[in-house]
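Worksheet for the structure shown next.
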Amino acid sequence: MKIIHISDLHLDSKLETNFDPLLAKQRNNEMLVTLENLFDTMESQNFDAMIIAGDMFDTKKVSSKAFTYIIDLIKKHNSKKFFYVSGNHDKESELFNSISDIPENLFVFNSIFSRFELSENVLIGGVKLDETNCTTFPEQIDFPEDTLNIMVMHGAITKSASSVSSSAFLSSSVKNKNIDYLALGHIHEYSQGQIDKRCTYVYSGCLEPRGFDEIGDKGYVSILIDETTKTISHDFVKFSSRTFHEIPVDISEFSSNRDILNEIYQKTQNIPSTDIVKVILAGTHNEDFAKSTNLINEELSSKFYFVKITDKSRLKINAKDYENDISLKGCFIRKVLASKLSEQDKSDVIVTGLKALSGEEVE
């Protein structure tokens, strides 16, 4: 038996942090296409079921287009079973419980633990965490000892009782509950570990990344159940259409924008042009270095789907060089260096001020 485990689709996200409205709309459509491709993979590779461990949508206000899209996909693949538990982002919408024609092959977990039989030897259960059950739900879990048991939840694992909430639960609360595979959502990066000798927890991570807090490979988890040997194994499968990358570049030894670009090209030579790149400039530079993030961004924008330049480099200033400088520039630099600003802010203010004093365009 084979099962797909995904979570944190966050469909209908605004995506305004990095993208303009046109790119944001395009990325939202791409997220729907990726999901449809995964459903097709489910058919072509003979998966039996799909687990969606929360946060299918980004907010409780979901467009009819996105919701209808999901329902139609589930109905289209009516030979497969789908198991869904809502997350902290979409939990209040209760969308799947609000429709009268919920697909027969869709099983929705609510705030009271329930379980379903995938086969005589395999059970899948789950519970939606909320304010009323975040400490009491463990009392409801009743998996038999002699079956293979999968538990579906959305929340962060914590060891602190004070952190327990509608989006976090104690690791000890699911210990020794005859769980073999704990399918989790909420953390947007694939990870796995042990709860007890029997129970492996797995975060599938998000299917498609939405920002630079979700860098690296994204996709789904393929679960393989061997009923003969009574074992459950899993593998992470990269599946996203695009990947976010962060590229640090130390410019301390460079003297021109071309030097910076050459270093960026060297560091990004293996990144597909369809991906999304954030370049972080670091280190220090001299006062006469006419660094231009606009120029760098403009040239790189044709190389990748989207590029963002974050400048954390600092101006190399020796305060002693300006101790006796009676010019306006010297007075300005001394005042900035004597201020309570952070070193990064001091550098930014001085760079901007020097450009203004020399009549240059300020970016």
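Looking only at the range 261-274, decide whether some residue is of a type outside the set (Val, Ile, Thr), in the same structural domain as LEU341 (by TED's automatic domain parsing), outside any helix (DSSP H, G or I) and surrounded by 18 or more Cβ atoms within 10 Å (Cβ to Cβ). No, because not a single residue in the range 261-274 is of a type outside the set (Val, Ile, Thr), in the same structural domain as LEU341 (by TED's automatic domain parsing), outside any helix (DSSP H, G or I) and surrounded by 18 or more Cβ atoms within 10 Å (Cβ to Cβ). For the residues ALA161, ALA168, the requirement of being of a type in the set (Gly, Ala, Ser), surrounded by 16 or more Cβ atoms within 10 Å (Cβ to Cβ) and closer than 21 Å to PHE113 by Cβ singles out ALA168. Return a yes/no flag: does the range 211-221 have any residue that is without any contact (Cβ under 8 Å) to a residue 40 or more places away in the chain, over 25 Å from ASP180 (Cβ atoms), in a strand (DSSP E or B) and under 21 Å from the mean Cα position of the chain (by Cα). So far as the range 211-221 goes, no, none of its residues is without any contact (Cβ under 8 Å) to a residue 40 or more places away in the chain, over 25 Å from ASP180 (Cβ atoms), in a strand (DSSP E or B) and under 21 Å from the mean Cα position of the chain (by Cα).
Sort through ASN294, ASN286, ASN324, ASN257 and tell me the only one that's in contact (Cβ under 8 Å) with a residue 40 or more places away in the chain, farther than 23 Å from SER204 by Cα and not assigned by TED's automatic domain parsing to the domain that holds SER119. Give the steps one after another, and end with the answer.
Working: ASN286 fails: in contact (Cβ under 8 Å) with a residue 40 or more places away in the chain; ASN324 fails: in contact (Cβ under 8 Å) with a residue 40 or more places away in the chain; ASN257 fails: in contact (Cβ under 8 Å) with a residue 40 or more places away in the chain.
The conditions single out ASN294.
Tell me, please, whether a residue that is polar (S, T, N, Q), touching a Lys or Arg at 6+ places or on another chain (Cβ under 7 Å) and touching a residue at least 24 places away in the same chain (Cβ under 8 Å) can be found in the range 225-241.
Looking only at the range 225-241, we keep the residues that are polar (S, T, N, Q), and these are 228-229, 231, 233, 240-241.
Cutting the leftovers down to touching a Lys or Arg at 6+ places or on another chain (Cβ under 7 Å) gives us 240.
Cutting the leftovers down to touching a residue at least 24 places away in the same chain (Cβ under 8 Å) gives us 240.
Looking for residues that are polar (S, T, N, Q), touching a Lys or Arg at 6+ places or on another chain (Cβ under 7 Å) and touching a residue at least 24 places away in the same chain (Cβ under 8 Å), one finds at least one in the range 225-241, hence yes.
I'd like to know if the range 299-315 contains one or more residues that are more than 30 Å from GLY211 (Cα to Cα) and either within 23 Å of the chain's Cα centre (by Cα) or surrounded by 14 or more Cβ atoms within 10 Å (Cβ to Cβ) (or both). No; the residues of the range 299-315 include none that is more than 30 Å from GLY211 (Cα to Cα) and either within 23 Å of the chain's Cα centre (by Cα) or surrounded by 14 or more Cβ atoms within 10 Å (Cβ to Cβ) (or both). Counting only helices (runs of 4 or more DSSP H) that fall entirely inside the range 1-104 and contain at least 1 residues that are in the same structural domain as ALA156 (by TED's automatic domain parsing), at pLDDT 90 or above and touching a helix residue (DSSP H, G or I) at 6+ places or on another chain (Cβ under 6 Å), the qualifying elements are 21-44, 64-76.
What about VAL62, is it out of contact with any His (no Cβ under 9 Å at 6 or more places or on another chain), under 17 Å from GLY185 (Cα atoms) and surrounded by fewer than 20 Cβ atoms within 10 Å (Cβ to Cβ)?
Answer is no for this residue.
The set of residues from the range 112-152 being within 30 Å of the chain's Cα centre (by Cα), assigned to a loop (DSSP other than H, G, I, E, B) and either surrounded by fewer than 18 Cβ atoms within 10 Å (Cβ to Cβ) or not assigned by TED's automatic domain parsing to the domain that holds CYS199 (or both) comprises ILE112, ASP130, GLU131, THR132, THR135, THR136. Scanning the range 238-259 for residues that are in contact with a helix residue (DSSP H, G or I) (Cβ under 8 Å, 6 or more places away or on another chain) and within 21 Å of TYR305 (Cβ to Cβ), we see that the one that is surrounded by the fewest Cβ atoms within 10 Å (Cβ to Cβ) is ILE247.
If you check LYS340, LYS329, LYS278 for being of a type in the set (D, E, K, R), surrounded by 14 or more Cβ atoms within 10 Å (Cβ to Cβ) and not in a helix (DSSP H, G or I), only one passes: LYS278. Screening the range 178-207 for residues that are of a type in the set (S, T, N, Q) and touching a Gly at 6+ places or on another chain (Cβ under 8 Å) and picking the one that is surrounded by the fewest Cβ atoms within 10 Å (Cβ to Cβ) gives SER191. In the range 228-260, which residues are within 17 Å of THR293 (Cβ to Cβ) and assigned to a loop (DSSP other than H, G, I, E, B)? Selection gives ILE251, SER252, PHE254, SER255, SER256.
The number of residues in the range 34-55 that are within 15 Å of ILE6 (Cβ to Cβ) and out of contact with any strand residue (DSSP E or B) (no Cβ under 9 Å at 6 or more places or on another chain) comes to 4.
The values are calculated or read from the model by the stated rules, or taken from the named source; none is laboratory data. Everything numeric here is computed off the predicted structure, so don't read it as measured data. With ideal geometry, Cβ positions are generated from the backbone for all residues, glycine too; neighbour counts draw on all protein chains shown.
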